[in-house]
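Report on one structure; see the data block that follows.
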Amino acid sequence: MESDLEELLADMAGLGEAPTLLVACGFDGVLSPDGDDRAVAQSSEALNVLLALPGTTVAVVSRRPDEEIAELMFLSGAKGGLRMCGPGDVADLCREVGGVALVIDVDPESLGGLRPDDVGILVDDDEDPDDDEVRGVADADEVVEVLEELVSVRRH
């Protein structure tokens, strides 16, 4: 796993310029730290900003029921771009939305089927991962940094 957060942050510039963007984030261990049932406030804030931007679809990836996720997040789905899906449904959602995708999850299943221009990030603090090609961050705090950088470049 490539753990260079600075390089991932630099990659957000290209995604920020995409006319159509899907941002799909897992809930447990990604938006919500391990052992916590609430999303990190900064992640929710970043996703709310992304929801309000044109050409941007946001999805929360989880095996939990949609209603439960809605209660644990601070997202404004009324803005129109919010979707919910399971890890096995991310590739189909990417094809449906079109454009490019940023997929961040703890479940490698969510990263399967990504296209060449998509960016997949595995959240895993494992020092010795099985796959050297997987890009990654260590925890929900680093996910916040990635999402805030994407917001910054997408707004301009």
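Points worth noting:
- Amide H within-cut-off set for residue 59, under 5 Å, with H built and near neighbours excluded: 23, 24, 25, 83
- With one equal scatterer per alpha carbon and no solvent term, the Debye-computed log10 I(q)/I(0) for the stretch 1-93 at 0.20 1/Å reads -1.08.
- Directionally averaged shadow of the chain, computed from the convex hull of its alpha-carbon atoms, nm²: 8.1 nm²
- Mean separation of Cα contacts under 8 Å, 6 or more apart, over the residue count of the chain: relative contact order %: 35 percent
- Per-residue packing, averaged as other Cβ atoms within 10 Å, sorts the ranges 114-120, 56-62 into the order 56-62, 114-120, beginning with the highest.
- Residues whose amide H falls under 5 Å from that of residue 119, counting only those 5 or more places apart or on a different chain, are 101, 102, 103, with hydrogens built in the peptide plane.
Rule-based calculations on the coordinates, nothing more; no lab input. Bear in mind that the values here come from a model prediction, so they are computed numbers and not experimental data. Positions of Cβ are backbone-derived with ideal geometry, glycine not excepted, and every protein chain shown enters the neighbour counts.
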